[in-house]
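First up is the structure itself, then whatever we jot down about it.
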Amino acid sequence: MNHDLPHCLGSVPAIGMSRRTFLNRFGMGLGGIALASLINPGATSAAVDDRHGMLLNPHVAPRAKRVIYLFQSGGPSQMDLFDYKPLLNKMNGENLPDSVRQGQRLTGMSANQANLPLAGSIFKFDQHGESRAWVSELLPYTAKVADDLCFVKSLYTEAINHDPAITFLQTGSQLSGRPSIGSWLSYGLGSENENLPAFVVLVTKGMSGQPLYARLWGSGFLPSKHQGVQFRAGADPVLYLNNPEGVDSAGRRLLLDRLQELHEAKIEATGDAELHGRIAQYEMAYRMQTSVPDVTDLSGEPDSVFEEYGPDARDPGSFAANCLLARRLAERGVKFIQLYHRDWDHHGDLPNGIRTKCKETDQPAAALITDLKRRGMLDDTLVLWGGEFGRTNYSQGQLTATSYGRDHHPRCFTMWMAGGGVKPGISYGETDEFGYNVAQNGVHVHDYHATLMHLLGIDHEQLTYKFQGRRFRLTDVHGKLVPGILA
């Protein structure tokens, strides 16, 4: 990416031009570009074009136009859902062999246990569809769409605790402060709908579990207009969007016009390009006063759709309602839609905890796939499902015939992908017979990100942003495409 100044501004002061004069002209030039962008978003260059993003042309032919990411926060147990390991049932209660663990670190929650008893899943597994994918009895609806899914069973990460692990999945770094995936895509690809954000976040209401921070959908060092916008359940889906009491639409329009004049004057005086982002956000908020009530009003959906997504679909803010809302946002051109569902962190009493989580998520997630496919949208919508890491094959705490817990396990875990150029009906990668290590075709988090971006037409090494003297990217500083999952 070339982040040099537009040619019309020049790159150095002309001979005889004072520094103050040059800076004033520089600010006026940026202000003019910003104003032109607001009046006619399609008319300006990619560097300042809110709608089309930085990429005038894709690096590769895109297979997906948008992403719906169903993030299961806490770390779902792959061995109780997708990664069938009959050997664990056979060796249930025996100690984890040192030859399997290979000295790998444990969390402080199980490192001091006297032994690490292997824990087979108490749930029944069957093979489903023509793909013969192994799916747990906990996910009967997911099993029905197995032939539409690509199960990636060999993901791995370095992070062993929640905060760095979820930050890594969302931003490509274990340290906070980097732009999130959705922000990178907004920056690179822009938006297809000038009346809705390119990046929308939906968090299931009323969930306990590991905390979620707004920085997980933040823009980091990218311009703030690329941060995710959280939609909430209730009368005000977006905070502070509605006019306060005593202010009508005409009054708000007048306020924004005067505020823009003040911002333009500040830009002219300081050359602060971030003020363009503020202007763009204020204008977006004004347009969203009409578009957000329309997209969040589910009352026009037929009863059959609510029945398909499950009994919670009529409850705004539930995972089911958010899945349905995600489809509506996708229909309207939102580029990246992120759903967060918490409380998959089952250190103890896993069987009861995971039953609850699957009951909340199984039917709506499968319905989303079916709904998109019926509408002809699955081919160009990439749907992702998974958490920040997996769970151990041994029990944390006491192992009984009906109960066990599982600790964090970064060495291997499972996610599924669907649509958007992904090969359907396959399982990619394998873990060893103990479900402890990757045995074949490991997929690092950076590889996962590189492949996601490829499906959207982006070469992950080429979409960069210069900050503090060097160019950053989502896959900073490695990652490779995983061709085995591409259709």
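No value in this document is a laboratory result; all are computed from the given coordinates. Quick caveat, the model's predicted, so the values are computed rather than measured. All Cβ positions, even for glycine, are placed from backbone atoms using ideal geometry, and neighbour counts span all protein chains on display.
What FRET efficiency, computed as 1/(1 + (r/R0)^6) with R0 = 25 Å and r the Cβ-Cβ distance, is obtained for residue 433 and residue 132, rounded to the nearest 0.05? Write out the running numbers ahead of the final one.
Numbers: r = 18 Å, r/R0 = 0.74.
According to the calculation, E is roughly 0.85.
Loop-only trypsin sites (Lys or Arg not before Pro) in segment 160-233, please: DSSP not H, G, I, E or B, and at most 15 other Cβ atoms within 10 Å.
Listed in order of number, the matching sites are 205.
Starting from the Cα of residue 356, step 7 Å along the direction of its Cβ; do the same at residue 486; then give the gap between the two resulting points in nm.
Computed distance between label sites residue 356 and residue 486 equals 4.3 nm.
Take residue 305 and residue 113, extend 7 Å from each Cα along the Cα→Cβ direction, and tell me the distance between the two endpoints in nm.
4.6
Calculate, in nm to one decimal, what residue 478 and residue 87 gain on full extension: separation in residues at 0.36 nm each, minus their alpha carbon distance.
Between residue 478 and residue 87, full extension yields an extra 137.3 nm.
Could you give me the ³J(HN,Hα) list for segment 180-194, computed from phi with Karplus coefficients 6.51, -1.76, 1.60 and θ = phi - 60°, whole Hz, x at Gly and Pro?
Listing the rounded values in order: 6, 4, x, 5, 4, 5, 4, 5, x, 10, x, 10, 9, 9, 6 Hz.
Within 12 Å, Cβ to Cβ, of residue 456, how many net charges do the neighbouring residues add up to if Lys/Arg are +1 and Asp/Glu are -1?
Result for the local shell: +2.
Between residue 253 and residue 232, how high is the FRET efficiency from 1/(1 + (r/R0)^6) when r is the Cβ-Cβ distance and R₀ = 30 Å? Nearest 0.05. All intermediate terms of the calculation are to be shown ahead of the outcome.
On the way: r = 25 Å, r/R0 = 0.84.
Efficiency at R0 = 30 Å is approximately 0.75.
As a check on your grasp of the helix formula, calculate [θ] at 222 nm for the chain: sum -39500 (n - 2.57) over DSSP H runs of n ≥ 4, divide by the residue count, round to the nearest 500.
Here the helix-only value at 222 nm equals -10000 deg cm²/dmol.
For the chain, list log₁₀ I(q)/I(0) at each q in 0.13 Å⁻¹, using the Debye formula over Cα point scatterers of equal strength and ignoring solvent, two decimals each.
-1.20
Taking each pair of distinct Cα atoms in segment 107-259 once, what is the resulting Kirkwood hydrodynamic radius in Å?
One decimal place: 20.2 Å for the Kirkwood radius.
Just for the Cα atoms in segment 416-474, what are the lengths along the principal axes, largest first, rounded to whole Å?
47, 26, 13
In straight Cα distance, which lysines are under 18 Å from residue 480, not counting same-chain residues fewer than 8 positions off?
The qualifying lysines are 153, 423.
Using only the alpha-carbon atoms of segment 383-487, report the extent along each of the three principal axes, biggest first, to the nearest angstrom.
The principal-axis extents, from largest down, are 54, 38, 23 Å.
Segment 230-314: which GluC sites (Glu not before Pro) are DSSP loop and have at most 11 other beta-carbon atoms within 10 angstrom?
245
How much length is gained on full extension from residue 124 to residue 375, taking 0.36 nm per residue of separation minus their Cα-Cα distance?
87.0 nm
Using Cα centres only, tell me the gap between segment 102-158 and segment 211-256 in whole Å.
If you average the Cα positions of each part, the centres end up 39 Å apart.
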